[in-house]
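Have a look at the structure below, then the notes.
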Amino acid sequence: MIVPSFSMERWQSHHEHRVRYNLSESGVLPLSLAELLELTGVSASDIRLGYPQTNGSDGLKRAIAALYPGAGPENVLVTAGSAEANFIALWHLLEPGDRVVVLVPAYGQTPGLAKGFGASVTTFHLEERLDWQPAPGAAAAAIGPDTRLVVITNPSNPTGSILSAQAMDEIVDACSRRGSWLLADEVYAGAEAEDPPTPSFWGRYGRTLVSGSLSKAYGLPGLRLGWILGPADQMEDLWAHKDYTSISPSAASDALATAVLQHATRHIILSRSRDIILRNRERMEEWIASCEMLGPWVRPRAGAIGMVPYRIGLSSTELADRLRRRSSVLVVPGDHFGLDGYLRIGFGGEEGELVEALARIEELLRSEAKLEADGARGVV
Ligand SMILES: Cc1ncc(COP(=O)(O)O)c(C=O)c1O
């Protein structure tokens, strides 16, 4: 199996711990273990580091199922992040030659893996002019009689948009007309800035798998704790695939996640994330408004990421590379999403650090713009 390079993850893996300011991250400032133990009331000495129930402890499966109307623990498989959930979902569903339709721009994991599994991938698009929604009719046009699987990320990475009710209906209608499977990656659900909780695709159509995790809305990516929800008759086979990947969740993560998802604790953690997102999104908007080489952007509605258009002649890959090398700021080039002319900026970190990093980006943009203007005037 030849897996195409997952350019964004390669970029982050190489550089995220080697720069002064990391704005490539898509979640909020992670909680420390001490903060988490205090918030949950879990005592570290009660956690025994064995193998837990390999598809997730019963308490954790119940807590995850409670997030989705109509789901029960029999619909849940606990995974190492939504990354493993997506991997297992695609491995379970796809054969070489299958056709997969992906809503883009999107996190590169699912289209890359689908190609690796020998499927052919086609796309339909979130459009900036529609505030990053798909055009009416786009799903029906893209999803054909032989479409095996449709992959949707909602809320969206990289745009931070949330699908409208009409767009969700159109996707579900097209899948059910064709009998296609739907994989809804809902890892950013719960990270809404002002909107009510993002409605899940769960329960709307029988052939649906939903992936999620504690990485984004909960600020706990280091627990590597995710899940996949599916129809009860699919779960044994999904679980059997996990025997070949990670076997079980980490016992510590299973115990902590169970505590995180209890109603009151979950509420506190999600409120913390919302506060960070709202406060830092304001800093982003002030910055974009004050810099004539930027924007306007479509204000992201969920998650701590947004696509920021810029107006200088460099490609996004070149610009991101200069920012990394000269300013020690890591952002994700729009090129990684097939959208040159944009930077994906993660704004979920510490507020003061964000402001400093944005100032560095602006400084570099100004010096590049000056070089371009001097070049155009023939100044040497
Ligand atoms: C849309 C999407 N899905 C899945 C993941 C994987 O996240 P994790 O495995 O930490 O849940 C990411 C990470 O950025 C993502 O953006």
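The values are calculated or read from the model by the stated rules, or taken from the named source; none is laboratory data. Given the structure is predicted, the values throughout are model-derived calculations rather than measurements. Note that each Cβ is placed from the backbone with ideal geometry, even for glycine, and that neighbours are counted across all protein chains shown. With ligands, DNA and RNA removed, areas are computed over all heavy atoms of the protein, side chains included. Shrake-Rupley method; radii C 1.70, N 1.55, O 1.52, S 1.80 Å.
Net charge near R178: determine it from the other residues with C-beta under 11 Å of the C-beta of R178, scoring Lys and Arg +1 and Asp and Glu -1. Here the charged neighbours net out to +2.
Taking all protein chains together and rolling a 1.4 Å probe, L294 ends up with roughly 10 Å² accessible.
Run through segment 255-334 and list the GluC sites (Glu not before Pro) located in a DSSP loop whose Cβ has at most 15 other Cβ atoms within 10 Å.
E292
Remark: C-alpha extents of the chain on the principal axes read 70, 54, 39 Å, sorted largest to smallest.
3J(HN,Hα) along segment 101-115, derived from phi through the Karplus expression 6.51 cos²θ - 1.76 cosθ + 1.60 where θ = phi - 60°, amounts to 10, 10, 7, 10, x, 8, 3, x, 4, 5, x, x, 5, 4, 5 Hz, with x in place of Gly and Pro.
In this label model, H14 and S271 are separated by 4.4 nm, measuring between points 7 Å along each Cα→Cβ vector.
Suppose R0 equals 35 Å. What FRET efficiency, 1/(1 + (r/R0)^6) with r the Cβ-Cβ distance, do R366 and A232 give to the nearest 0.05?
Step by step, r from the Cβ atoms, then E = 0.05.
Helix 316-327 and the longest principal axis of the C-alpha atoms of the chain enclose an angle of approximately 80°. Spatial offset of segment 265-308 relative to segment 76-92 amounts to 29 Å, using the alpha carbon center of each.
Judged by the ratio a/c of the largest to the smallest principal axis of the C-alpha gyration tensor, segment 271-324 counts as prolate, that ratio being 1.5 or greater while a/b is larger than b/c.
Computed on protein heavy atoms with a 1.4 Å probe, the accessible areas place H92, H14, H263 in the order H263, H14, H92, largest first. DSSP beta bridges in segment 46-262, what fraction antiparallel, as a percent rounded to 5? Taking every DSSP beta bridge within segment 46-262, about 35 percent pair in antiparallel fashion.
The H on the amide N of H125, modeled in the peptide plane, is under 5 Å from the matching H of V104, A135, each at least 5 residues off or on a different chain.
With an a/c value of 1.5 or above and a/b larger than b/c for the gyration tensor axes a ≥ b ≥ c computed over the alpha-carbon atoms, segment 186-306 is described as prolate.
Say R0 is 35 Å: what FRET efficiency, to the nearest 0.05, do A289 and D173 get from their beta-carbon distance?
0.35
Once the trypsin sites (Lys or Arg not before Pro) in DSSP loops with at most 15 neighbouring Cβ atoms within 10 Å are cut out of the chain, the longest remaining piece is 49-310.
Rg and Dmax over the alpha-carbon atoms of segment 46-262 stand at 16.6, 54 Å.
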